[in-house]
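Nothing in this text is a laboratory measurement; each read-out follows from the coordinates by a stated rule. Quantities reported herein were computed from a predicted structural model and do not represent experimental measurements. Using ideal geometry, Cβ is built from the backbone for each residue, glycine included, and neighbour counts are taken over all protein chains shown.
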Amino acid sequence: MHMNSRYKYLFLIFLLNFCFSSKITNKTEQQLNEYFPENISIEWTNYKIPKDIKKTIQKSVKQKFFRDNVNLWTVTDKDSLTYYAILDNVIGKTMPITFLCVFNDSAMVEHSSIIKYREPYGGEVGSRKWLNQFASYTDSSSYKVGKDISGISGATLSVNSVTKGIHKLSMLVHNIIKDNSEK
């Protein structure tokens with residue numbers, strides 16, 4: 001490959017990645033505005049996961065984080081309550097599943113949703129009925145698929161991945177809340 005072609009190729013990849021992530025971010029913010037119609041503020045940040053916290057969570061949940069950071073929105077509602085919305089990815093069968101998990105200031109799941117599902121099968125994990133079972137879950141809840149979390153026929157890998165992903169974030173949110181209170 002000619003050097004000029006290589007730079008054009010890399011630039012194209014960068015541009016597509018930027019456009020794609022911007023669509024995901026926009027869709028996430030749209031969902032947050034729908035979920036919190038009377039919010040006072042929504043602030044986005046790229047939260048870098050501390051290495052020691054990351055390692056501990058990954059070992060406990062037996063699933064790696066997709067990246068060293070997550071997208072984080074801090075939402076304040078009209079009653080001055082603070083919520084933490086975390087956007088992350090997990091791997092389904094072969095492709096990433098982008099999901100959002102909203103926690104209250106007690107580190108309890110308020111809401112979860114699938115932002116982008118890329119597999120041809122198993123998209124049922126995006127159903128409101130399935131996702132609602134995580135409401136009020138915390139890091140100490142049982143995330144055992146088939147016992148505490150309903151399985152979905154034909155979506156076994158996606159169910160396990162998303163369940164572990166929400167469990168990971170339920171552990172991470174404690175660190176986020178602590179960091180936010182120290183500001």
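On a full-extension model of 0.36 nm per residue, what is the gain between GLN30 and SER141, subtracting their alpha-carbon distance, rounded to one decimal in nm?
37.1 nm
For SER153 and ASP77, what does the FRET efficiency come to when R0 = 22 Å and r is the distance between their Cβ atoms, rounded to the nearest 0.05?
So, using R0 = 22 Å, E works out to roughly 0.05.
With only Lys, Arg, Asp and Glu charged, each at its Cβ (+1 for the first two, -1 for the last two), find how big the charge dipole of the chain is about the Cα centre; round to the nearest 20 debye. Walk me through the intermediate numbers first.
Details: 24 positive and 17 negative charges, 213 e Å.
The calculation lands at about 1020 debye.
Put a dot 7 Å past each Cα toward the Cβ at LYS64 and ASP105; how far apart are the dots in nm?
It is 3.7 nm.
Over segment 25-156, calculate the relative contact order: mean separation of alpha carbon pairs under 8 Å at least 6 apart, over the residue count, as a percent.
16
Largest first and in whole Å, give the semi-axes of segment 29-181's equivalent ellipsoid, each being the square root of 5 times a Cα gyration tensor eigenvalue.
Values for segment 29-181, descending: 23, 18, 14 Å.
Please list 168-177, 88-97, 131-140 highest first by mean number of surrounding beta-carbon atoms within 10 Å per residue.
168-177, 88-97, 131-140
Just want the answer: with Cβ charges of +1 for Lys and Arg and -1 for Asp and Glu, which residue in ASN104, PHE36, ASN46 is farthest toward the dipole's positive end in the chain?
Checking the options against the dipole of the chain, the answer is ASN46.
Roughly how far apart, in whole Å, are the Cα centres of segment 107-134 and segment 24-97?
Cα centroid of segment 107-134 versus Cα centroid of segment 24-97: 14 Å apart.
Longer than 29 Å from Cα to Cα, which of LYS55/LYS178; LYS93/LYS178; LYS147/LYS178; LYS51/LYS129; LYS48/LYS129 are they? Say none if no pair is.
Correct reply: LYS93/LYS178; LYS147/LYS178; LYS51/LYS129; LYS48/LYS129.
Please list, ordered by chain and number, the residues whose modelled amide H lies under 5 Å from the amide H of HIS111; skip anything fewer than 5 residues away on the same chain.
VAL102
Any chance you could run the full-extension gain for ILE42 through LYS129? It's 0.36 nm times the residue separation minus the Cα-Cα distance, nm to one decimal.
Contour length minus Cα-Cα distance gives 28.7 nm.
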